[in-house]
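Working notes, beginning with the structure itself.
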Amino acid sequence: MLSGTGSDAGPTGADWAAAVDAVRQVPADGRVLLICHVNPDGDALGSMLGFGLGLRRLGVRRLQATFPGPPEVPEPFHGLPGLDLLVPATEAYPDPDLVVCFDAASASRLGDLVDRLDTAGTALVLDHHASNTRFGGIHLVDPAAAATSVVVEGLLDRLGVPLDAGIAECLYVALTTDTGSFRFEATTPAVHEMAARLLATGIRPGDISRRVFDHRPFGAVRLFGEVLGRARLEPPAAGGRGLVWTYATLDDLARHGQRPYVLEALIDSVRCTAEADVSCVVKQVAAEEWAVSLRSKGAVDVSRVAVALGGGGHRFAAGFTGRGTADEVVERIRGQLDDAVIGGGDQQEQRRVSVFPR
Ligand code: AMP
Ligand code: MN
Ligand code: MN
């Protein structure tokens, strides 16, 4: 394993039993706080709300779900069942009986809510990042899982909670987000089997996917055009595997009247670039602060780059917070890419092979 401190093995029988006990031991009037990572994506929100709906079915009444930072749910997730569980971070139980964390590889991803790991009676962590630091008390961390929602389904099953349409929709949004709608490497037979169980509850995949992935304001379409128009291709980067990158500023967002989360989908357009293995979008968060998304097609372990620069993620999808100017942030990425190339092999040679015999 190239990065992180965790092991690649999934939860043991003892881990599952400890997690089940932690939930069952919550007193009848006990408070449960669910927390997902900052800037929540579909896996973070879907896993958290799906589990919350499951706890509700178990009869847990004092139940909150939250995430650090501004209490703003990105528009693509406005249709998720269980949104009524959400409270702003400032209103979250200060000392819950049980805290459950979702899709966060490290405690830093919990932002200002990190203190709940100490103030809660028990801290349970559900995640699938190989780089998970094993923060918290009980760990259900499965690096082989395509999404945190796979772990959530496993725990709900062991708690005896059947899937209903509400839970299933949340877990489906999570699963499709992290597998790129069943396109990425992690899309195993088990992933499709889980999708089949979720769809069997009667949820409508076409409606859900349109809302979550294929729906954005015209201003965002124009903004994407502008930001894609300034993309740069650097064929020599990453030992010749190539880098493509672009950036978006707060001013870009303001000119097009858009919220920052609309930029989350931008990496999917950038990473299509045939001439580059590595793609990158640098998104301004504050004057000298940038949220960086990195993707690889398989030749580079971008989690290595992200971890070296203070972030984390998966081998082929990772991120970090960059400081300074966008150019300085990209320069730091360039400096890490050569060390993150996986294996040997000269991909330049492979790329020159034509589909026609010469
Ligand atoms: P994103 O590019 O934001 O979709 O993130 C891709 C992956 O990188 C996800 O698995 C995130 O959990 C991880 N990631 C993104 N930003 C950070 C960060 N600042 N620190 C740690 N991990 C991150
Ligand atoms: Mn996530
Ligand atoms: Mn995830």
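The values are calculated or read from the model by the stated rules, or taken from the named source; none is laboratory data. Everything numeric in this text was worked out from a predicted model, so none of it was measured. FYI the Cβ positions are ideal-geometry reconstructions off the backbone, even for glycines, and counts take in every protein chain you see. Heavy atoms of the whole protein, side chains included, go into the accessibility calculation; ligands, DNA and RNA do not. Shrake-Rupley method; radii C 1.70, N 1.55, O 1.52, S 1.80 Å.
A few points about this structure:
- Under 10 Å, Cβ to Cβ, from Glu288 - net charge with Lys/Arg +1 and Asp/Glu -1: -1
- Note on Ile35: accessible area is roughly 0 Å² with a 1.4 Å probe, heavy atoms of protein only.
- When nucleic acids and ligands are ignored and a 1.4 Å probe is applied, His128 ends up with an accessible area of around 10 Å².
- The mean sequence separation of alpha-carbon pairs under 8 Å and at least six residues apart, normalised by the residue count of segment 218-354, gives a relative contact order of 20 percent.
- Take every Cα pair under 8 Å whose residues are at least 6 apart in sequence, average their separation, divide by the length of segment 13-213, and the relative contact order is 24 percent.
- Among beta bridges that DSSP assigns inside the chain, antiparallel share in %, nearest 5: 45
- Derived scalar couplings ³J(HN,Hα) [segment 333-341; Karplus, 6.51 cos²θ - 1.76 cosθ + 1.60; whole Hz; x for Gly, Pro]: 5, 3, x, 9, 5, 4, 6, 9, 5
- Of Phe51, Phe218, the order by accessible heavy-atom surface (1.4 Å probe, DNA, RNA and ligands excluded), from most exposed downward, is Phe218, Phe51.
- Distance from segment 174-223 to segment 90-122 (C-alpha centre basis), Å: 28
- With θ taken as phi - 60° and the Karplus curve 6.51 cos²θ - 1.76 cosθ + 1.60 applied, the whole-hertz 3J(HN,Hα) list for segment 133-149 is 7, 6, 6, x, x, 10, 10, 10, 10, 10, x, 7, 6, 5, 8, 4, 5 Hz, x standing for glycine and proline.
- Normalised convex hull volume, segment 218-354, alpha-carbon set, Å³ per residue: 96
- Dipole check for the chain: with +1 at the C-beta of Lys and Arg, -1 at the C-beta of Asp and Glu, and the Cα centre as origin, the magnitude is about 680 Debye.
- Length-normalised contact order of the chain in % [C-alpha pairs under 8 Å, at least 6 apart]: 14
- Table column - 3J(HN,Hα) (Hz), segment 248-257, Karplus curve with 6.51, -1.76, 1.60, x for Gly and Pro: 9, 9, 4, 5, 4, 4, 5, 4, 9, x
- Residue among Val125, Val285, Val152 with the largest mean-square fluctuation in a Gaussian network model of the chain, springs linking Cα atoms under 10 Å: Val285
- Distance from segment 269-294 to segment 128-149 (C-alpha centre basis), Å: 25
- Cleavage-rule hits (trypsin sites (Lys or Arg not before Pro)) in segment 1-82: DSSP loop, at most 16 neighbouring Cβ within 10 angstrom: Arg61
- Charge tally in the Cβ shell below 14 Å around Ala18, where Lys, Arg are +1 and Asp, Glu are -1, Ala18 excluded: +1
- Working note: Debye formula, equal point scatterers on the alpha-carbon atoms of segment 13-213, no solvent; log10 I(q)/I(0) at q = 0.08, 0.09, 0.13, 0.16 Å⁻¹ is -0.22, -0.28, -0.61, -0.96.
- Rolling a 1.4 Å probe over the protein chains gives Ser149 an accessible area of about 0 Å².
- Here's how it looks for Thr122: its modeled amide H is under 5 Å from those of Leu98, Val99, which are all 5 or more places away or on a different chain.
- Principal semi-axes of the equivalent ellipsoid, √(5λ) from the alpha carbon gyration tensor of the chain, are 34, 22, 20 Å from largest down.
- GNM result for the chain, Cα springs below 10 Å: residue of Glu234, Glu264, Glu331 fluctuating most strongly: Glu331
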